[in-house]
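Visitor: After the structure tokens below, expect a handful of questions from me.
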Amino acid sequence: MMAEIDFFGVYVNTLFVAAILAFLLGRVGQWLLARCGVYRFVWHRGLFDIALFVILWGQIAVLLIFHISG
């Protein structure tokens, strides 16, 4: 069973919270990568950004699920 987070009396799915956090961290990461000029070496910026989001989402989801259930 998937763990849920109690957010002011409303139970929210952990994956939804992880997706929101991954989106916010991804936006900050995109800004930092653009600022440092890393995107000059990236072939397809859209694919890179989606891959960054998916990696962040997976890592945050694993951390949240293990933290809540353990």
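Visitor: How about the range 36-56: which of its residues are of a type in the set (Val, Ile, Thr) and in contact with a Phe, Trp or Tyr (Cβ under 8 Å, 6 or more places away or on another chain)?
Guide: VAL42
Visitor: Test ILE68 against the criterion of being surrounded by 12 or more Cβ atoms within 10 Å (Cβ to Cβ), free of Cβ contacts under 8 Å to residues at least 12 places away in the same chain and not polar (S, T, N, Q), and give yes or no.
Guide: no
Visitor: Here's another thing I want to ask about it. For the range 1-57, name all the residues that are of a type in the set (Asp, Glu) and not in a helix (DSSP H, G or I).
Guide: GLU4, ASP6
Visitor: Give me the residue from the range 8-48 that is surrounded by 12 or more Cβ atoms within 10 Å (Cβ to Cβ) and over 30 Å from SER69 (Cβ atoms) and, out of that set, nearest to the chain's Cα centre (by Cα).
Guide: Per the criteria, the residue is GLN30.
Visitor: Just a yes or no: is a residue in the range 12-23 touching a Gly at 6+ places or on another chain (Cβ under 9 Å) and either polar (S, T, N, Q) or at pLDDT below 95 (or both)?
Guide: Applying the first criterion (touching a Gly at 6+ places or on another chain (Cβ under 9 Å)) to the range 12-23 yields 18, 22.
Checking which are either polar (S, T, N, Q) or at pLDDT below 95 (or both) leaves us with 18.
Yes, the range 12-23 has at least one match.
Visitor: Here is a further query. Report every pair of residues separated by at least 6 positions or lying on different chains whose Cβ atoms are under 6 Å apart, first residue within the range 46-60 and closer than 18 Å to VAL17 by Cα, second among the charged types (D, E, K, R).
Guide: Note: no pairs meet the criteria.
The values are calculated or read from the model by the stated rules, or taken from the named source; none is laboratory data. Treat the numbers as computed from the prediction; the structure is a model and nothing was measured. Positions of Cβ are backbone-derived with ideal geometry, glycine not excepted, and every protein chain shown enters the neighbour counts.
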